Amino acid sequence: MLNIAIFASGHGSNFEALHHAIADKKIQAKIVVVISNNSSSGALSLAQSFNIPAFHISQQQFSDPNLFHQKILKTLQSSNTNFIVLAGYMKKLDPAITRVFADRIINIHPALLPKYGGEGMFGMNVHNAVIAAKENESGATVHFVNDEYDKGSIIAQQKITIEANDTPETLAAKVLTVEHELLPSVVRMFSERI
């Protein structure tokens, strides 16, 4: 069975969507731990309400980056994690982690990669760029995580049409709805391979 670690920095709505899909028996998996770099992350509060172990682990807590990465790895190992989902996690994972979990880390990105990816391309930055470029479509991408921002192999995408009156805010809301469908469907695909 997939023992999933969720990494999230923000509200945790993708984590919540995935949790409900598992609770509703749509996915045979278990979320075993939630990790956030943000002490006020909504994901940490959600995890507590779902009785899932949750930890605030931030680079700022450690004088040595290696100790930070080791803390994350120990947390993953102690929870028997065998799969990682980045659900709005705003930090790049160190190679020490991506090597241990090679081909077992996925990320959801709020655009149609390879467009609008890379360092600094997250949240509203993405939607502002898409609208500014007058794109006709956007959507969400789930991809494998490697040592470069948003460069891992694409697993699945879901597209939406951008209307003439869409703003970055309305686009963000539409893409988030798509993310809540796409992420659980991809995790279900991986759960069926186990």
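Please treat every number below as a calculation from the coordinates, not as lab data. Values in this document were obtained by computation on a predicted structure and should not be read as measured data. For neighbour counting, all protein chains shown are included, and Cβ atoms are generated from backbone atoms with ideal geometry for every residue, glycine included.
Structure above, values below:
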item: Rounded Å value of the spacing that divides the Cα centres of segment 163-194 and segment 115-158; result: 12 Å
item: Rg over Rh, two decimals, segment 55-123 (C-alpha only, Kirkwood Rh); result: 0.98
item: Total formal charge among the other residues, if their Cβ is under 11 angstrom from that of ILE72, Lys/Arg +1 and Asp/Glu -1; result: +2
item: Residue pairs, from the table LYS91/LYS134; LYS26/LYS91; LYS91/LYS151, whose Cα atoms sit over 24 Å apart; result: LYS91/LYS134; LYS26/LYS91
item: Net charge, LEU171 excluded, C-beta distance under 15 Å - Lys, Arg +1, Asp, Glu -1; result: -2
item: Label-point separation in nm, GLN61 to ARG193, each point 7 Å along Cα→Cβ; result: 3.1 nm
item: Full-stretch length increase - GLU137, ILE154 - with 0.36 nm per residue and alpha-carbon distance subtracted; result: 4.4 nm
item: On Cα atoms only, tilt of 168-191 relative to the major axis of the chain in degrees; result: 50 degrees
item: FRET efficiency estimate (nearest 0.05) - Cβ-Cβ, SER49 to LEU73, R0 25 angstrom; result: 0.40
item: Built amide H within the under 5 Å cut-off of PHE83, gap 5+; result: ASN3, ALA5
item: Amide proton proximity set for GLY12, modelled H, under 5 Å, gap of 5+; result: ALA43
item: For segment 2-83: rounded, prolate or oblate by the Cα gyration tensor [a/c cutoff 1.5]; result: oblate
item: Gain in span if fully extended, ASP147 to ASN125, counting 0.36 nm per residue against the direct Cα distance; result: 5.8 nm
